[in-house]
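A quick write-up on the structure given underneath.
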């Protein structure tokens, strides 16, 4: 008898989702789906608003990565104004974006995933939380809290607020950077760097415990996509969009990534509010590609900073040039934090960052604009059309979690096929199904345009909808 | 008055009417000469990284709106005792007592923490306060100043 397992909702992710696992007549997993069950509709909300309001409105999409939306939105507005921000304005945007990657990755690795990595996927859920981490490894817990605090403070000191900051405006930044603020940020960098290196050493010493999961958690060949700088280094603010295949060979490099419709398709499925982006050349649903920290490491020739390049070498030395398992998002996240901290140091060490020329001012000069940047979870595109008065007529957002949607579904199915047995529903089994999703650190607030308590609800359903088994936690 | 090391946190959602009471109060508290040495923060929610700020303070005063059956605008003052629960979701929001527990567990120190909460009346979209909470603002500012003063001379 064909049956279906439903995990509703998934815990320790940003937003609400559920997972259904379809069993065949033999009780084996036939397929699995990751459903995003919330809808927000920012593309419609902004219609009729003046374009200058968009960065502030779009930052409200997410409390974790508001800076990414600010920046992609402001870049789209720059194009509508037909201006480029002055160098210091662009660099201050970079500083805020790098700080956000630090705080968001710290949240994902230390707060959401470290309990699994510390206690293992078979541990009782009652102990898999921050206090449990504190008891078992206080330094790891302190480092996580400290890194997130550092990133938040950088954002707050430049953007005025740590959640939904302002400061990034069409044409550049609202205000220059004060030397006192720069010095405060620089003073916090050595400890942030030390905390990241401790976490990396701990992770590398522990990761061999998870060799089995690493071969099952989204371990399949796919393309990877991300921005790179002119010298092939990892990039978060600007640059060319590079796509590499599973062997690391460059499949495409778009010097101008803005006409995304030429290379990306967006499919809609009736079972989810999350769009499925796919690589057009490969069609749907075969055009699976991944974005985010692992993808950025895989597309880049190098990190471009000394400590992060050492870690990249260690990473590739152990896993090869283009690691294909999504389990390795965890280590990629830590290496990227290191890279961001080093880049922050370089940007803030340049006296030009204190320039008072941070904004280019102009009126409405174009009726269309596209902004592309790297958010913590991957490539982010904002696309607006306005009328001659600058009133928004249409908007489309292509969000990192949407790029990863096909890969997440394939990963859930892979984990379910290996771990889920039809005759019993066990906690370690369910945790692994959820954990593979956490590797991608999906942000459903972003991708569907909710927060709240996220209890796990699992149902085993007969084809006629009868609940055969049910669990809550 | 010696209010060095005093941390005042007004928190809530400033776009949900009375839920933003802490932000309105914080603006007045930051400008109050009686609290000149205090550090005043505004936050949407209490999150884990605030534990470091709490552990390094000599006194923490939290100002928030509450959803209770009391008359709108009525003010409650209570001391927070650290608790080490295991909330399912702690990345977005922590209870004041759990945050105090986290500060203790992380940094082995928790100063006195006082929560001043005001019963809200309206939590719909909007950046304004209901009349009852507008009227409560001066009382809350005075209560905070009194708590800080009692701490300084206590």
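Which three extents, in whole angstrom, do the alpha-carbon atoms of the range B:1-140 cover along their principal axes, largest first?
42, 40, 23
Identify which of B:105, B:55, B:31 has the largest mean-square fluctuation in a Gaussian network model of chain B, with springs joining Cα atoms closer than 10 Å.
B:31
Label points 7 Å out from Cα along the Cβ direction at residue B:53 and residue A:391: separation in nm?
The modelled label-to-label distance comes out at 4.1 nm.
Could you grab the Rg to Rh ratio for the range B:101-154? Cα atoms only, Kirkwood for Rh. Working shown, then result.
On the way: Rg = 15.7 Å, Rh = 13.9 Å.
That ratio equals 1.13.
If you rank A:80, A:45 by fewest surrounding Cβ atoms within 10 Å, what's the result? Intermediate results must be reported in sequence, preceding the final value.
On the way: A:80 26, A:45 16.
By the 10 Å Cβ count, ascending, the order reads A:45, A:80.
Taking a point 7 angstrom from the Cα of residue A:262 along the C-beta vector, which residues in the range A:198-224 have backbone N less than 19 Å away?
Correct set: none at all.
I'd like the antiparallel share, as a percent to the nearest 5, of DSSP beta bridges with both residues in the protein assembly as shown. Could you put the intermediate results ahead of the total?
Details: 61 of 83 bridges.
If I count the DSSP bridges inside the protein assembly as shown, around 75 percent turn out antiparallel.
Give me the orientation-averaged projected area of the Cα convex hull of the range A:243-282, in nm², one decimal.
Reported value for the Cα convex hull: 3.7 nm².
Between residue A:53 and residue B:109, what is the label-to-label distance in nm when each label sits 7 Å out along the Cα-to-Cβ direction?
4.7 nm
With only alpha-carbon atoms in the gyration tensor, what are the semi-axes of the equivalent ellipsoid for the protein assembly as shown, in Å, largest first?
Values: eigenvalues 278, 189, 125 Å².
Values for the protein assembly as shown, descending: 37, 31, 25 Å.
What FRET efficiency, computed as 1/(1 + (r/R0)^6) with R0 = 30 Å and r the Cβ-Cβ distance, is obtained for residue A:174 and residue B:135, rounded to the nearest 0.05? Display every interim value, and only then the final one.
Details: r = 34 Å, r/R0 = 1.15.
The value I calculate is 0.30.
Quickly work out the residue A:314-to-residue A:247 label distance, labels modelled 7 Å from Cα along the C-beta direction, and quote it in nm with one decimal.
3.1 nm
FRET efficiency for residue A:302 and residue B:142, Cβ-Cβ distance as r, R0 = 45 Å, nearest 0.05?
Numbers: r = 60 Å, r/R0 = 1.32.
Computed FRET efficiency for residue A:302 and residue B:142 comes out at 0.15.
Under 10 Å, Cα contacts only: if you run a Gaussian network model on chain B, which one of B:59, B:102, B:43 comes out with the highest mean-square fluctuation?
B:43
Just rank A:186, A:251, fewest to most, by other beta-carbon atoms within 10 angstrom. Display every interim value, and only then the final one.
Details: A:186 13, A:251 18.
In order of increasing Cβ crowding within 10 Å: A:186, A:251.
For the residues A:124, A:53, what sequence is obtained by ranking on other C-beta atoms within 10 Å, fewest first?
A:124, A:53
We did not get these values from a lab; they are worked out from the coordinates using the rules stated. Computed from a predicted structure; not experimentally measured. In this analysis, Cβ positions are derived from the backbone assuming ideal geometry, glycine residues included, and neighbour counts consider all displayed protein chains.
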